[in-house]
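The values are calculated or read from the model by the stated rules, or taken from the named source; none is laboratory data. Computed from a prediction, not measured in an experiment: that's the story for all the values here. Glycine also receives a Cβ, built like all others from the backbone with ideal geometry; neighbour counts cover every protein chain displayed.
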Amino acid sequence: MKIHGTWGKSVVVWIICIQCLVPVLKQVSGSWMYLAMIGISKSELESQQDSTIGQTSEMTACSTVPDLVPKQIKVCQEHPGTIHAVSAGAKLGILECQRQFRYERWNCTPEGGYNVFGHTLKRGSKEAAFIHAIFSAGVVQALTESCSSGNLTVCACDRSQQGYTSTADGWKWGGCSDNVRYGISFARLFVDATEKTPRKTAAEDNSQSENDKKKNWKRRMQHLKAMMNLHNNHVGRLAVSKHMQLKCRCHGVSGSCELKTCWRKLPSFYEVGTHLKQKYEESVRVRKGRRKLRRRDKRRPKVRKYDLVHLRRSPNFCLQDLANGILGTTGRQCNKTSKNADGCDLLCCGRGYNTQLIRHSERCRCKFHWCCNVSCDICVTDVEIYTCK
């Protein structure tokens, strides 16, 4: 996966440096999303399988991620290649999340610890909804790409419609479509397993010291969050399938295109991320209905399958609060002239900003002299950098 530009470099720095936040931030339970941070390679996973027939090594790479549920551990042990793709998909999700939110108060910076976004996910806000959707979509994207490229033995590209003809449009299915159906099926199996596995709550662990009413409330909230997460996981998977592209190749004399062969191809993940960012802006606050999630505002339309949903309002993310995983905006670079989210007025939350003058020197107006010399002038430019107080 290639990363271009200064944005990509800054994201890599955040991912590499996340370990330095671990001692500072409060630790929370683990998550499969931590696979994005540890850089698992396919060879490392396969090397940890025991070569003895009928035995599988207990020390798999997934043992480095705490709190994986039994179904996820089983998949990791039986299909190490797919977990490499899951790791790549999780990393794809975190990079796209940071790309979409790079100019906003909450910029998708990992909080540290094994849960990566522990406090944000615990809040059940719009940000948690986006995280679940983009990570789920990332797994679908990476799994599907691995299937099509032949990197996995459990799947291949999709030839199910090959040979069928669309008489109305004058083309027929051919080539090898990206197998998004397998990607969605696997992502549902692995990603949703966390929410479908019952876990002990603190109330159940301390049932002797807490009353039944409080214990039942915690259990209901846990169930409600699981419903929210499953819905948003589904929205992420749908975002990939919805944006699948139809690619065609013409056949005929001199490119006359008398006949076209077409196949389905994955969209760019930036397109998926942009779609989910729009769904984040329109996220629906919900409550628990009798059997499914319902809008808190009963006067509005029902929750649709493409809607992101959340339970609580988001904090403003202005001031640092490490106990709740909020890094604040102090020191963030802003745009003095912008009226959008990256503008100093909004990003700095009215606290004002610092101005720093940086002088850049570079070679310019270069000339080639025969033979063989190049002479250049030195151009000096002054650039003002604005950072939030």
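Structure summary
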| item | result |
| --- | --- |
| Single residue of the range 283-293 satisfying the filter (part of a loop (DSSP other than H, G, I, E, B) and surrounded by 11 or more Cβ atoms within 10 Å (Cβ to Cβ)) that is modelled with the highest pLDDT | Ser283 |
| All positions within the range 85-100 that are without any contact (Cβ under 8 Å) to a residue 60 or more places away in the chain and more than 19 Å from Val235 (Cα to Cα) | Ser87 |
| Conditions (1) farther than 17 Å from Ala129 by Cβ; (2) in contact with a helix residue (DSSP H, G or I) (Cβ under 9 Å, 6 or more places away or on another chain); (3) basic (Lys, Arg): number failed by Lys292 | (1) |
| The range 294-320, residues that are touching a residue at least 40 places away in the same chain (Cβ under 8 Å), out of contact with any Leu (no Cβ under 8 Å at 6 or more places or on another chain), closer than 21 Å to Gly236 by Cβ and surrounded by 13 or more Cβ atoms within 10 Å (Cβ to Cβ) | Asp307, His310, Ser314 |
| Single residue of the range 234-270 satisfying the filter (out of contact with any Leu (no Cβ under 7 Å at 6 or more places or on another chain) and among the aromatic types (Phe, Trp, Tyr)) that is surrounded by the fewest Cβ atoms within 10 Å (Cβ to Cβ) | Tyr270 |
| Leading residue by the ranking (nearest to Gln141 (Cα to Cα)) among those in the range 242-269 that are in a helix (DSSP H, G or I) and over 16 Å from the mean Cα position of the chain (by Cα) | Lys242 |
| Single residue of the range 329-358 satisfying the filter (free of Cβ contacts under 8 Å to residues at least 24 places away in the same chain and exposed (fewer than 11 other Cβ atoms within 10 Å of the Cβ)) that is farthest from Cys108 (Cα to Cα) | Thr337 |
| Candidate set from the range 64-104 (those that are modelled with pLDDT of 90 or more and not in a helix (DSSP H, G or I)); member that is nearest to Ala133 (Cα to Cα) | Phe101 |
